[in-house]
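Below: one structure, written as C-alpha coordinates.
The values are calculated or read from the model by the stated rules, or taken from the named source; none is laboratory data. No experiment lies behind these values; they were computed from the predicted model shown. FYI the Cβ positions are ideal-geometry reconstructions off the backbone, even for glycines, and counts take in every protein chain you see. Surface areas here come from the heavy atoms of the whole protein model, side chains and all, with no ligands, DNA or RNA. Shrake-Rupley method; radii C 1.70, N 1.55, O 1.52, S 1.80 Å.
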Amino acid sequence: MRPRKILLSALTVALLSAFAAVPALAASKQKIGSVRLNAKNRIETGGSITRDGVVQGDPAKGELGVWVNADSYQLESVRVTGGVGDNLPVGSVISVEAVLRTTDSDRSFSQTLSESDVHLSDNAVKVTELRRSKTRLIVGLRFPGIKGDFAEPEGVSWQKGALGQASWREPANTSGSYELVLRRGGDIVKRVFGVTGNSYNFYPYMTKSGNYSFRIRTEAKGSGKSSGFTESETQKVNAAQVSNGQGAVWDQTGKGDGSNIEKAGWIQSGGAWMYRFPDGSFKKDGFEKIEGKWYFFSSEGKMRTGWARAVSGWYYFAESGEMLSGWQDVNGKMYYLNADPDSATYGKMAANELIVDGNKYYYALADGQRAKGWVQLGDHWSYFYPESGEMARNTTVDTFYVDADGAWRH
(Lines give C-alpha, C1' and ligand atoms only; values in the text may rest on other atoms or scores of the structure.)
Protein backbone atom coordinates (compact mmCIF):
# COMPACT_ATOMS: atom_id res chain seq x y z
CA MET A 1 0.00 0.00 0.00
CA ARG A 2 2.91 2.38 0.52
CA PRO A 3 3.58 2.97 -3.19
CA ARG A 4 -0.13 3.84 -3.68
CA LYS A 5 0.03 6.48 -0.93
CA ILE A 6 3.02 8.03 -2.63
CA LEU A 7 1.13 8.10 -5.94
CA LEU A 8 -1.95 9.75 -4.35
CA SER A 9 0.22 12.34 -2.66
CA ALA A 10 1.89 13.20 -5.93
CA LEU A 11 -1.50 13.49 -7.65
CA THR A 12 -2.79 15.74 -4.87
CA VAL A 13 0.22 18.04 -5.21
CA ALA A 14 -0.26 18.23 -8.97
CA LEU A 15 -3.95 19.11 -8.62
CA LEU A 16 -3.28 21.74 -6.00
CA SER A 17 -0.58 23.24 -8.20
CA ALA A 18 -2.94 23.36 -11.16
CA PHE A 19 -5.67 25.12 -9.16
CA ALA A 20 -3.14 27.56 -7.73
CA ALA A 21 -2.02 28.44 -11.25
CA VAL A 22 -5.49 29.66 -12.29
CA PRO A 23 -5.54 32.91 -10.32
CA ALA A 24 -1.88 33.52 -11.17
CA LEU A 25 -2.73 33.20 -14.87
CA ALA A 26 -5.66 35.60 -14.49
CA ALA A 27 -3.50 38.08 -12.62
CA SER A 28 -0.96 38.11 -15.49
CA LYS A 29 -3.50 39.60 -17.91
CA GLN A 30 -2.00 42.82 -19.25
CA LYS A 31 -3.87 46.06 -18.55
CA ILE A 32 -3.59 48.85 -21.13
CA GLY A 33 -3.37 52.08 -19.16
CA SER A 34 -2.78 54.51 -22.01
CA VAL A 35 -3.15 54.66 -25.78
CA ARG A 36 -1.60 56.67 -28.58
CA LEU A 37 -3.50 57.82 -31.62
CA ASN A 38 -2.18 59.44 -34.77
CA ALA A 39 -4.61 62.03 -36.13
CA LYS A 40 -4.10 64.42 -39.02
CA ASN A 41 -6.46 66.67 -40.98
CA ARG A 42 -5.33 67.64 -44.48
CA ILE A 43 -8.72 68.80 -45.70
CA GLU A 44 -8.51 72.30 -47.13
CA THR A 45 -11.02 75.09 -47.56
CA GLY A 46 -13.63 74.01 -50.10
CA GLY A 47 -13.00 70.32 -49.42
CA SER A 48 -15.52 67.74 -48.27
CA ILE A 49 -15.93 64.85 -45.83
CA THR A 50 -18.49 62.03 -45.66
CA ARG A 51 -19.63 59.95 -42.70
CA ASP A 52 -17.26 57.12 -43.70
CA GLY A 53 -14.61 59.35 -45.24
CA VAL A 54 -11.84 58.95 -42.64
CA VAL A 55 -8.65 57.27 -43.86
CA GLN A 56 -7.12 54.67 -41.54
CA GLY A 57 -3.58 55.82 -42.12
CA ASP A 58 -1.51 58.88 -42.97
CA PRO A 59 -3.88 60.99 -45.10
CA ALA A 60 -3.11 62.44 -48.51
CA LYS A 61 -3.86 66.06 -49.37
CA GLY A 62 -7.61 66.68 -49.00
CA GLU A 63 -8.10 63.76 -46.58
CA LEU A 64 -8.48 63.25 -42.82
CA GLY A 65 -6.72 60.27 -41.23
CA VAL A 66 -6.67 58.39 -37.92
CA TRP A 67 -4.37 55.43 -37.26
CA VAL A 68 -2.40 53.59 -34.57
CA ASN A 69 1.03 51.96 -34.32
CA ALA A 70 0.78 49.57 -31.41
CA ASP A 71 1.10 45.86 -30.62
CA SER A 72 -1.52 45.62 -27.86
CA TYR A 73 -4.47 47.29 -29.65
CA GLN A 74 -5.61 48.18 -33.14
CA LEU A 75 -8.05 50.54 -34.84
CA GLU A 76 -11.27 48.62 -35.45
CA SER A 77 -13.30 51.44 -37.02
CA VAL A 78 -13.55 55.21 -37.33
CA ARG A 79 -16.39 57.41 -38.55
CA VAL A 80 -17.30 61.09 -38.75
CA THR A 81 -19.83 62.20 -36.14
CA GLY A 82 -19.88 65.95 -36.87
CA GLY A 83 -18.90 68.34 -39.65
CA VAL A 84 -19.99 66.23 -42.62
CA GLY A 85 -20.42 68.31 -45.77
CA ASP A 86 -19.17 69.66 -49.08
CA ASN A 87 -17.36 72.91 -49.88
CA LEU A 88 -16.28 73.32 -46.26
CA PRO A 89 -15.44 76.91 -45.25
CA VAL A 90 -12.50 78.13 -43.15
CA GLY A 91 -12.95 77.19 -39.50
CA SER A 92 -15.05 74.06 -40.15
CA VAL A 93 -14.73 71.70 -37.17
CA ILE A 94 -14.84 67.93 -37.77
CA SER A 95 -15.57 65.37 -35.04
CA VAL A 96 -14.89 61.63 -35.33
CA GLU A 97 -15.39 58.50 -33.25
CA ALA A 98 -12.54 55.96 -33.22
CA VAL A 99 -13.01 52.41 -31.88
CA LEU A 100 -9.91 50.60 -30.62
CA ARG A 101 -9.85 46.85 -29.94
CA THR A 102 -7.28 44.75 -28.09
CA THR A 103 -5.25 42.42 -30.27
CA ASP A 104 -5.69 39.32 -28.09
CA SER A 105 -7.55 38.00 -25.04
CA ASP A 106 -4.54 38.48 -22.74
CA ARG A 107 -4.96 42.24 -22.91
CA SER A 108 -7.72 44.55 -21.69
CA PHE A 109 -8.24 48.29 -21.32
CA SER A 110 -7.78 49.49 -17.75
CA GLN A 111 -10.88 50.78 -15.97
CA THR A 112 -8.80 53.74 -14.76
CA LEU A 113 -7.88 54.81 -18.30
CA SER A 114 -9.06 58.42 -18.68
CA GLU A 115 -9.07 61.12 -21.36
CA SER A 116 -5.66 62.34 -20.18
CA ASP A 117 -4.27 58.87 -20.96
CA VAL A 118 -5.15 59.24 -24.65
CA HIS A 119 -2.08 60.76 -26.29
CA LEU A 120 -2.44 62.31 -29.74
CA SER A 121 0.16 63.04 -32.40
CA ASP A 122 -1.47 66.44 -32.99
CA ASN A 123 -1.85 68.45 -29.79
CA ALA A 124 -4.55 70.59 -31.42
CA VAL A 125 -6.88 67.58 -31.68
CA LYS A 126 -8.95 67.17 -28.51
CA VAL A 127 -10.52 64.15 -26.83
CA THR A 128 -14.24 64.82 -26.31
CA GLU A 129 -15.50 61.43 -25.13
CA LEU A 130 -14.19 58.15 -23.75
CA ARG A 131 -16.11 54.88 -23.31
CA ARG A 132 -14.69 51.43 -22.75
CA SER A 133 -15.27 47.74 -22.23
CA LYS A 134 -12.55 45.22 -21.47
CA THR A 135 -11.62 44.75 -25.12
CA ARG A 136 -12.87 47.95 -26.79
CA LEU A 137 -12.19 51.64 -26.28
CA ILE A 138 -14.34 54.29 -27.97
CA VAL A 139 -12.63 57.68 -28.32
CA GLY A 140 -14.37 60.86 -29.51
CA LEU A 141 -12.06 63.37 -31.20
CA ARG A 142 -12.54 66.96 -32.32
CA PHE A 143 -10.23 68.39 -34.95
CA PRO A 144 -9.47 72.14 -34.99
CA GLY A 145 -11.14 74.29 -37.62
CA ILE A 146 -9.94 73.96 -41.20
CA LYS A 147 -7.13 76.37 -41.91
CA GLY A 148 -7.16 78.90 -44.72
CA ASP A 149 -7.34 82.55 -45.65
CA PHE A 150 -10.50 84.53 -45.17
CA ALA A 151 -11.70 86.44 -48.23
CA GLU A 152 -11.36 90.17 -48.77
CA PRO A 153 -14.47 92.32 -48.26
CA GLU A 154 -16.27 93.18 -51.49
CA GLY A 155 -17.83 96.37 -52.85
CA VAL A 156 -15.55 98.58 -50.72
CA SER A 157 -16.67 102.21 -51.16
CA TRP A 158 -17.83 105.46 -49.55
CA GLN A 159 -21.58 105.46 -49.10
CA LYS A 160 -23.23 108.06 -51.33
CA GLY A 161 -24.96 110.92 -49.55
CA ALA A 162 -23.31 110.16 -46.18
CA LEU A 163 -19.95 111.85 -45.75
CA GLY A 164 -17.35 109.57 -44.10
CA GLN A 165 -19.60 106.49 -44.09
CA ALA A 166 -17.47 103.50 -45.13
CA SER A 167 -19.35 100.53 -46.55
CA TRP A 168 -18.62 97.06 -47.92
CA ARG A 169 -20.22 93.69 -48.63
CA GLU A 170 -19.29 90.70 -46.52
CA PRO A 171 -17.67 87.91 -48.56
CA ALA A 172 -18.99 84.35 -48.34
CA ASN A 173 -15.80 83.19 -46.61
CA THR A 174 -15.60 85.63 -43.69
CA SER A 175 -14.84 85.69 -39.98
CA GLY A 176 -17.42 88.47 -39.60
CA SER A 177 -14.78 90.77 -38.05
CA TYR A 178 -12.94 93.55 -39.89
CA GLU A 179 -9.97 95.87 -39.46
CA LEU A 180 -10.26 99.36 -41.00
CA VAL A 181 -7.67 102.10 -41.47
CA LEU A 182 -8.61 105.69 -42.33
CA ARG A 183 -6.04 107.69 -44.27
CA ARG A 184 -5.75 111.34 -45.21
CA GLY A 185 -3.35 111.43 -48.10
CA GLY A 186 -0.48 109.21 -46.93
CA ASP A 187 -1.13 109.72 -43.19
CA ILE A 188 -2.97 107.26 -40.97
CA VAL A 189 -5.70 109.06 -39.03
CA LYS A 190 -7.58 106.22 -37.33
CA ARG A 191 -7.35 102.44 -37.09
CA VAL A 192 -10.17 100.28 -35.72
CA PHE A 193 -10.41 96.55 -35.05
CA GLY A 194 -13.22 94.08 -34.53
CA VAL A 195 -15.77 95.95 -36.62
CA THR A 196 -18.83 93.86 -37.49
CA GLY A 197 -21.56 94.38 -40.03
CA ASN A 198 -20.97 96.17 -43.34
CA SER A 199 -20.45 99.85 -42.52
CA TYR A 200 -18.49 102.22 -40.25
CA ASN A 201 -18.77 105.97 -39.65
CA PHE A 202 -15.40 107.69 -40.07
CA TYR A 203 -16.79 111.23 -40.24
CA PRO A 204 -15.98 112.19 -36.60
CA TYR A 205 -12.28 111.73 -37.50
CA MET A 206 -12.37 113.93 -40.60
CA THR A 207 -11.38 117.07 -38.70
CA LYS A 208 -9.16 118.47 -41.47
CA SER A 209 -9.77 119.07 -45.13
CA GLY A 210 -8.11 116.68 -47.52
CA ASN A 211 -8.51 113.52 -49.58
CA TYR A 212 -9.59 110.57 -47.43
CA SER A 213 -9.58 106.84 -48.20
CA PHE A 214 -9.90 103.72 -46.10
CA ARG A 215 -8.47 100.23 -46.21
CA ILE A 216 -10.28 97.15 -44.90
CA ARG A 217 -9.51 93.49 -44.40
CA THR A 218 -11.20 90.46 -42.87
CA GLU A 219 -9.54 89.76 -39.50
CA ALA A 220 -8.13 86.40 -38.45
CA LYS A 221 -10.38 84.32 -36.25
CA GLY A 222 -10.17 80.69 -35.15
CA SER A 223 -8.15 78.70 -37.70
CA GLY A 224 -8.44 81.30 -40.46
CA LYS A 225 -5.87 83.86 -41.53
CA SER A 226 -6.55 87.51 -42.21
CA SER A 227 -7.30 88.48 -45.78
CA GLY A 228 -5.38 91.09 -47.72
CA PHE A 229 -6.43 94.73 -47.58
CA THR A 230 -8.83 96.27 -50.07
CA GLU A 231 -8.74 100.06 -50.52
CA SER A 232 -11.57 102.45 -51.29
CA GLU A 233 -11.57 105.33 -53.70
CA THR A 234 -10.73 108.83 -52.44
CA GLN A 235 -13.37 111.06 -50.84
CA LYS A 236 -12.59 114.80 -50.82
CA VAL A 237 -13.54 116.77 -47.72
CA ASN A 238 -13.29 120.58 -47.99
CA ALA A 239 -12.98 123.13 -45.18
CA ALA A 240 -16.73 123.65 -45.00
CA GLN A 241 -17.39 119.93 -44.62
CA VAL A 242 -14.89 119.01 -41.89
CA SER A 243 -16.12 117.42 -38.67
CA ASN A 244 -15.98 119.16 -35.31
CA GLY A 245 -14.69 115.89 -33.82
CA GLN A 246 -17.86 115.13 -31.89
CA GLY A 247 -18.13 111.38 -31.34
CA ALA A 248 -14.45 110.70 -32.10
CA VAL A 249 -12.55 108.50 -29.67
CA TRP A 250 -8.93 109.65 -29.39
CA ASP A 251 -6.41 108.36 -26.87
CA GLN A 252 -4.11 110.44 -24.69
CA THR A 253 -1.74 111.29 -27.56
CA GLY A 254 -4.07 111.45 -30.56
CA LYS A 255 -5.79 114.74 -31.35
CA GLY A 256 -6.99 113.98 -34.83
CA ASP A 257 -4.31 116.09 -36.45
CA GLY A 258 -1.85 113.31 -37.29
CA SER A 259 0.80 114.66 -34.87
CA ASN A 260 1.34 111.24 -33.33
CA ILE A 261 2.14 109.39 -36.56
CA GLU A 262 5.94 109.62 -36.30
CA LYS A 263 5.81 108.28 -32.74
CA ALA A 264 3.99 105.05 -33.64
CA GLY A 265 5.67 101.67 -33.25
CA TRP A 266 8.16 100.64 -30.56
CA ILE A 267 8.48 103.21 -27.76
CA GLN A 268 10.89 102.90 -24.81
CA SER A 269 9.50 104.40 -21.62
CA GLY A 270 10.88 104.08 -18.11
CA GLY A 271 13.20 101.24 -19.09
CA ALA A 272 10.37 99.20 -20.65
CA TRP A 273 9.42 98.72 -24.27
CA MET A 274 5.87 99.53 -25.38
CA TYR A 275 4.11 99.35 -28.73
CA ARG A 276 1.97 102.23 -29.97
CA PHE A 277 -0.48 102.04 -32.86
CA PRO A 278 -0.77 104.85 -35.45
CA ASP A 279 -3.89 106.16 -33.71
CA GLY A 280 -1.79 106.69 -30.54
CA SER A 281 -3.20 103.80 -28.48
CA PHE A 282 -0.86 101.29 -26.83
CA LYS A 283 -1.06 97.53 -27.04
CA LYS A 284 -1.98 96.20 -23.60
CA ASP A 285 -2.76 92.92 -21.85
CA GLY A 286 -2.13 90.22 -24.42
CA PHE A 287 -0.41 89.01 -27.56
CA GLU A 288 0.42 91.09 -30.61
CA LYS A 289 2.01 89.91 -33.87
CA ILE A 290 4.55 92.47 -35.07
CA GLU A 291 6.49 91.95 -38.30
CA GLY A 292 5.75 88.22 -38.21
CA LYS A 293 6.79 87.69 -34.57
CA TRP A 294 4.63 87.34 -31.45
CA TYR A 295 5.06 89.55 -28.38
CA PHE A 296 3.19 89.74 -25.08
CA PHE A 297 2.24 92.90 -23.20
CA SER A 298 1.18 93.50 -19.61
CA SER A 299 -1.96 95.33 -18.53
CA GLU A 300 0.23 98.45 -18.36
CA GLY A 301 1.42 97.97 -21.95
CA LYS A 302 4.94 96.80 -21.09
CA MET A 303 6.59 94.17 -23.29
CA ARG A 304 7.24 90.95 -21.34
CA THR A 305 10.40 88.84 -21.36
CA GLY A 306 11.06 85.44 -19.79
CA TRP A 307 8.12 83.38 -18.55
CA ALA A 308 4.68 84.95 -18.84
CA ARG A 309 1.31 83.42 -18.06
CA ALA A 310 -1.62 83.99 -20.42
CA VAL A 311 -5.17 82.64 -20.06
CA SER A 312 -4.24 79.54 -22.06
CA GLY A 313 -1.02 78.72 -20.16
CA TRP A 314 2.67 79.57 -19.84
CA TYR A 315 4.79 81.08 -22.64
CA TYR A 316 8.46 82.07 -22.85
CA PHE A 317 9.83 85.25 -24.41
CA ALA A 318 13.43 86.06 -25.33
CA GLU A 319 15.24 89.20 -24.16
CA SER A 320 14.13 90.80 -27.43
CA GLY A 321 10.52 90.08 -26.43
CA GLU A 322 10.03 87.56 -29.25
CA MET A 323 7.97 84.50 -28.28
CA LEU A 324 9.96 81.27 -28.56
CA SER A 325 8.72 77.86 -29.70
CA GLY A 326 9.92 74.26 -29.95
CA TRP A 327 12.50 72.84 -27.55
CA GLN A 328 14.12 75.55 -25.43
CA ASP A 329 16.88 75.39 -22.83
CA VAL A 330 15.89 77.70 -19.98
CA ASN A 331 18.45 77.89 -17.18
CA GLY A 332 19.74 74.42 -18.03
CA LYS A 333 16.30 72.77 -18.17
CA MET A 334 14.52 71.69 -21.35
CA TYR A 335 10.95 72.78 -22.11
CA TYR A 336 8.74 72.21 -25.12
CA LEU A 337 6.76 75.18 -26.46
CA ASN A 338 4.09 74.42 -29.07
CA ALA A 339 5.86 74.71 -32.43
CA ASP A 340 2.78 74.75 -34.69
CA PRO A 341 2.38 78.37 -35.92
CA ASP A 342 -1.19 77.65 -37.03
CA SER A 343 -2.26 76.37 -33.61
CA ALA A 344 -4.44 78.50 -31.35
CA THR A 345 -1.89 77.83 -28.57
CA TYR A 346 1.29 78.39 -30.60
CA GLY A 347 4.20 78.81 -28.17
CA LYS A 348 2.38 77.37 -25.15
CA MET A 349 4.49 75.33 -22.72
CA ALA A 350 3.63 71.62 -22.72
CA ALA A 351 2.81 70.12 -19.28
CA ASN A 352 1.69 66.60 -18.34
CA GLU A 353 1.81 65.93 -22.04
CA LEU A 354 3.30 63.39 -24.44
CA ILE A 355 5.20 65.07 -27.27
CA VAL A 356 5.48 63.28 -30.61
CA ASP A 357 8.29 64.34 -32.95
CA GLY A 358 8.30 62.11 -36.01
CA ASN A 359 8.70 58.60 -34.62
CA LYS A 360 10.19 59.79 -31.34
CA TYR A 361 8.31 60.36 -28.09
CA TYR A 362 9.06 62.73 -25.22
CA TYR A 363 7.14 63.74 -22.12
CA ALA A 364 6.70 67.09 -20.39
CA LEU A 365 6.20 66.87 -16.62
CA ALA A 366 3.68 68.94 -14.64
CA ASP A 367 6.16 71.84 -14.35
CA GLY A 368 6.95 71.65 -18.07
CA GLN A 369 10.43 70.16 -17.71
CA ARG A 370 11.37 67.38 -20.12
CA ALA A 371 11.14 63.99 -18.44
CA LYS A 372 14.18 61.81 -17.88
CA GLY A 373 14.65 58.39 -16.28
CA TRP A 374 11.72 56.27 -15.12
CA VAL A 375 8.37 58.12 -15.13
CA GLN A 376 4.91 56.77 -14.32
CA LEU A 377 2.39 57.43 -17.09
CA GLY A 378 -1.08 56.29 -16.09
CA ASP A 379 -0.81 52.75 -14.78
CA HIS A 380 2.56 51.93 -16.34
CA TRP A 381 6.16 53.12 -16.19
CA SER A 382 8.20 54.41 -19.13
CA TYR A 383 11.86 55.28 -19.44
CA PHE A 384 13.24 58.49 -21.00
CA TYR A 385 16.94 58.70 -21.84
CA PRO A 386 18.47 61.45 -19.63
CA GLU A 387 20.60 63.03 -22.36
CA SER A 388 18.04 63.29 -25.17
CA GLY A 389 14.74 62.89 -23.31
CA GLU A 390 13.56 60.36 -25.91
CA MET A 391 11.29 57.54 -24.71
CA ALA A 392 12.82 54.07 -24.79
CA ARG A 393 10.72 51.65 -26.84
CA ASN A 394 10.95 47.99 -27.73
CA THR A 395 14.22 47.56 -25.83
CA THR A 396 15.70 46.58 -22.47
CA VAL A 397 16.68 49.25 -19.95
CA ASP A 398 18.62 48.13 -16.86
CA THR A 399 17.31 44.55 -17.43
CA PHE A 400 13.67 45.80 -17.70
CA TYR A 401 11.84 45.35 -21.01
CA VAL A 402 9.76 48.21 -22.42
CA ASP A 403 7.45 47.40 -25.34
CA ALA A 404 6.74 49.25 -28.59
CA ASP A 405 4.50 51.68 -26.67
CA GLY A 406 7.31 52.43 -24.21
CA ALA A 407 5.57 50.64 -21.32
CA TRP A 408 7.49 48.45 -18.87
CA ARG A 409 5.95 44.98 -19.05
CA HIS A 410 6.37 42.73 -16.01
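Does the stretch 189-210 hold any residues that are open to solvent by 30 Å² or more (accessible area, probe 1.4 Å), outside any loop (DSSP other than H, G, I, E, B) and not aromatic (Phe, Trp, Tyr), and which are they?
The answer is 191, 194, 199, 201.
Any residue at all in the stretch 273-281 that's loosely packed, with under 13 Cβ neighbours inside 10 Å and either under 30 Å from residue 89 (Cα atoms) or at pLDDT 70 or above (or both)? Quick ask: steps written out before the conclusion?
Here is the first cut: in the stretch 273-281, the ones loosely packed, with under 13 Cβ neighbours inside 10 Å are none.
No, the stretch 273-281 contains no residue that is loosely packed, with under 13 Cβ neighbours inside 10 Å and either under 30 Å from residue 89 (Cα atoms) or at pLDDT 70 or above (or both).
Could you list, in sequence order, all residues of the stretch 347-384 that are closer than 25 Å to residue 58 by Cβ, open to solvent by 60 Å² or more (accessible area, probe 1.4 Å) and not small (Gly, Ala, Ser)?
357, 359, 360
Looking only at the stretch 136-186, which residues are of a type in the set (A, V, I, L, M) and either under 30 Å from residue 125 (Cα atoms) or touching a Lys or Arg at 6+ places or on another chain (Cβ under 8 Å) (or both)?
Restricting attention to the stretch 136-186, the residues satisfying the condition of being of a type in the set (A, V, I, L, M) are 137-139, 141, 146, 151, 156, 162-163, 166, 172, 180-182.
Hits for the stretch 136-186 are 137, 138, 139, 141, 146, 151, 172, 180, 181, 182.
Mind checking which pairs have a first residue in the stretch 80-92 that is over 12 Å from residue 64 (Cβ atoms) and of a type outside the set (Asp, Glu) and a second that is part of a strand (DSSP E or B) and modelled with pLDDT under 85, Cβ under 7 Å, 6 or more apart or different chains?
Close Cβ pairs satisfying both conditions: 90/148; 90/224; 91/224.
Those residues that are more than 21 Å from residue 353 (Cα to Cα) and either aromatic (Phe, Trp, Tyr) or touching a residue at least 24 places away in the same chain (Cβ under 8 Å) (or both), I need them from the stretch 318-328; list them, please.
First pass over the stretch 318-328, keeping only residues more than 21 Å from residue 353 (Cα to Cα): 318-322.
If the condition is that a residue be more than 21 Å from residue 353 (Cα to Cα) and either aromatic (Phe, Trp, Tyr) or touching a residue at least 24 places away in the same chain (Cβ under 8 Å) (or both), then 321, 322 are the ones that fit.
Among the residues of the stretch 31-85, which ones are within 27 Å of residue 409 (Cβ to Cβ), among the hydrophobic types (A, V, I, L, M, F, W, C) and under 21 Å from the mean Cα position of the chain (by Cα)?
The answer is 35, 37, 39, 66, 67.
In the stretch 141-200, how many residues are modelled with pLDDT under 90, within 30 Å of residue 36 (Cα to Cα) and touching a Leu at 6+ places or on another chain (Cβ under 8 Å)?
So the answer is 1.
Within the stretch 398-410, which residues are open to solvent by 10 Å² or more (accessible area, probe 1.4 Å) and of a type in the set (A, V, I, L, M)?
Taking the stretch 398-410 as the starting set, the residues that turn out to be open to solvent by 10 Å² or more (accessible area, probe 1.4 Å) are 398-401, 403-405, 408-410.
Residue satisfying the conditions is 404 alone.
For residues that are hydroxyl-bearing (Ser, Thr, Tyr) and part of a loop (DSSP other than H, G, I, E, B), scanning just the stretch 211-252, find the one that is modelled with the lowest pLDDT. Spell out how you get there, then give the answer.
Initial filter on the stretch 211-252 (hydroxyl-bearing (Ser, Thr, Tyr)): 212-213, 218, 223, 226-227, 230, 232, 234, 243.
Filter once more, so that each one left must be part of a loop (DSSP other than H, G, I, E, B): 223, 226-227, 232, 234, 243.
Details: 223: 66, 226: 83, 227: 86, 232: 95, 234: 95, 243: 88.
By that ranking, first place goes to 223.
Taking the stretch 288-313, which residues are buried (at least 18 other Cβ atoms within 10 Å of the Cβ) and in contact (Cβ under 8 Å) with a residue 24 or more places away in the chain?
Going through the stretch 288-313, the residues buried (at least 18 other Cβ atoms within 10 Å of the Cβ) turn out to be 294-297, 301-304.
Matches in the stretch 288-313: 294, 295, 296, 301, 302, 303.
This table checks each residue for (1) touching a residue at least 40 places away in the same chain (Cβ under 8 Å); (2) under 36 Å from the mean Cα position of the chain (by Cα).
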site: 161; (1), (2): no, no
site: 165; (1), (2): no, no
site: 180; (1), (2): no, yes
site: 190; (1), (2): yes, yes
site: 194; (1), (2): no, yes
